[in-house]
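Encoded as structure tokens, the structure appears first; notes follow it.
The values are calculated or read from the model by the stated rules, or taken from the named source; none is laboratory data. Since this is a predicted model, take the numbers as computed values, not measurements. When we count neighbours, we look across all protein chains shown, and the Cβ atoms used for this are built from the backbone with ideal geometry, even at glycine. Accessible surface areas use protein heavy atoms only, side chains included; no ligands, DNA or RNA. Shrake-Rupley method; radii C 1.70, N 1.55, O 1.52, S 1.80 Å.
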Amino acid sequence: RVGENSVSFPRNVTAEAMALCPYRVLAFYVIADIRDPEREAEENRAFLAPRGIVGRVYASEEGLNSQVSGRTEDVEDYMDWISQRHPACRVIFKLDPSLEPAFPRLRCKVKKLVPLVDGWEESELDLLNGRGEDVSPEEWREMIRDRKQSGAVVLDVRNGYEWDLGHFEGAERPKYDEFREFDPVEAYGLDQLPNKTDTPIMMYCTGGIRCEIYSTMLKKRGFDKVYKLQGGIQHYGNKVGDDSWKGKLFVFDRRNSVPLGESSEVIGRCFHCGEKSEMFRNCCNVDCNRLHLCCERCWSERQGCCSHECSKSERVRPHNVVVGDAKEQFDRWHVYRDGGVSTASPLRHLISMSSTQGPPPGALDPNRLHASKILESESSENDEVMQVRYGKGEEVKIRLPDGRMELATVVLPKPSGNRFRGTIKVKYLSDNTTFHVSPDQIEKPEQ
């Protein structure tokens, strides 16, 4: 279905297991001359949104970078559609089975393929002709094994915290935690190499897109023997497995990490105590939100904060979990500021441990504490309450858990079905955010 492009499946997942999973997680990129990135982004949105596909699609003048998730047949249609739109490009579609969508929502917008350090622009790089040499997963495996004899330098061009969870043998940890700060020459001291032309530079990343950019940067700086892992770590795992790989692979979706093979080796270490851990968490200081590895004990003892300074912040969200039968959500910030957990009956208040990659589609992001509001009421299915109706665009008051009132306008005038059954959608005038609230939270302003 995808022409001359290739599809990369996990080698350790059987066909039966693939068939049992109704969803797919798809990652790919296209290096191409896109003259109208805004139109490209909108046309991708127009294709994906009606099919319920969620994820991220970034378009720039240099190409397209996409990580999405949806039902198998819809994802296959998207692969076919992309192949027809870019017939001159050779794309590696990397597919993983999934029991649920791997992203919270769909975002299609104009954005650089890769964040670059100051002083570099994608437009200055010849991505079509100036990139490093592609190396197949099988060839890469042999080059890793022979790296000491060849004198090759192995570059991990991911974020530092990704390396902490898993990496290739012989690859040093990136100097910086954040990739946007990354300059490969500075970070790895490549300017100190005695011979730029003869030293092999082996470069890898998650899916391959970063290596397209950074191999071009190195070539432009005078390095001749620059090799990049074709299709990235994802493709390597699908073709070769975990040979010469340690740990797990960090992925930028709700799965957080995936194994490359059968190995259960854990190399991640708790940021605080050094115990083995593969659990990434965001710091509970809303103004920090640092992503770090943290074991269960330290998460509890440090109340979800990455440092003593963060624990003293005035904006620390709860780290504990309250189990309930509704979707776990964070409450509005001022509820915690003004006394902790809401006791206003009959509102249901559920707190969730912070999620590093977002909630399921349609749910609020617990890491955006300041933007979330109470969603449900215990009495939301009461017949009398359900009969309440409001006109679209009507201005109303919403009673908050601390007793305060906030002005809003009605977006959906009658109780919604399915996920937000028994609630009404409103827009808060203070910040233009939209949320579902219980009818018994609503009052009409005095005339």
Open item on the list: For residue 239, only one of the following conditions fails: (1) more than 20 Å from the chain's Cα centre (by Cα); (2) open to solvent by less than 10 Å² (accessible area, probe 1.4 Å). What is its number?
Closed with: (2)
Task: Filtered residues of segment 136-163 (kept if closer than 21 Å to residue 114 by Cα and either touching a His at 6+ places or on another chain (Cβ under 9 Å) or not polar (S, T, N, Q) (or both)) - done: 154, 155, 156, 157, 158, 160, 161, 162, 163
Task: Residues within segment 59-103 that are of a type outside the set (S, T, N, Q) and either farther than 16 Å from residue 255 by Cβ or in contact with a His (Cβ under 7 Å, 6 or more places away or on another chain) (or both), tallied - done: 25
Open item on the list: Return the residues of segment 218-234 that are surrounded by fewer than 22 Cβ atoms within 10 Å (Cβ to Cβ) and in a helix (DSSP H, G or I); say none if nothing qualifies.
Closed with: 219, 220
Task: Number of the exception - residue 83 against (1) of a type in the set (Ser, Thr, Tyr); (2) part of a helix (DSSP H, G or I); (3) under 23 Å from residue 214 (Cα atoms) - done: (3)
Open item on the list: Residues to consider are 94, 109; find the one that is open to solvent by 80 Å² or more (accessible area, probe 1.4 Å) and either assigned to a strand (DSSP E or B) or among the polar types (S, T, N, Q) (or both).
Closed with: 109
TODO: Go through segment 149-169 residue by residue and tally those that are touching a residue at least 12 places away in the same chain (Cβ under 8 Å) and open to solvent by 50 Å² or more (accessible area, probe 1.4 Å).
DONE: 2
Task: Selection within segment 127-148 - free of Cβ contacts under 8 Å to residues at least 60 places away in the same chain, open to solvent by 50 Å² or more (accessible area, probe 1.4 Å) and in a helix (DSSP H, G or I) - done: 139, 142, 148
Task: Filter pass, residue 278 being farther than 15 Å from residue 161 by Cα and charged (D, E, K, R) - done: no
TODO: Could you tell me whether any residue of segment 294-304 is modelled with pLDDT under 85, within 30 Å of residue 97 (Cβ to Cβ) and surrounded by 15 or more Cβ atoms within 10 Å (Cβ to Cβ)?
DONE: no
- [ ] Go over the candidates 251, 240, 185 one by one and state the one that is of a type in the set (Val, Ile, Thr) and in contact with a Ser or Thr (Cβ under 7 Å, 6 or more places away or on another chain).
- [x] 251
Task: Residues (open to solvent by 20 Å² or more (accessible area, probe 1.4 Å) and either touching a Lys or Arg at 6+ places or on another chain (Cβ under 7 Å) or at positive phi (or both)) located in segment 6-42 - done: 11, 22, 23
- [ ] May I ask you to verify whether residue 254 is within 27 Å of residue 307 (Cβ to Cβ) and not in a loop (DSSP other than H, G, I, E, B)?
- [x] no
TODO: Could you list, in sequence order, all residues of segment 114-126 that are out of contact with any helix residue (DSSP H, G or I) (no Cβ under 6 Å at 6 or more places or on another chain) and either modelled with pLDDT of 80 or more or within 18 Å of residue 225 (Cα to Cα) (or both)?
DONE: 126
Open item on the list: Can you say whether residue 260 is modelled with pLDDT under 90 and among the hydrophobic types (A, V, I, L, M, F, W, C), as far as the supplied structure shows?
Closed with: yes
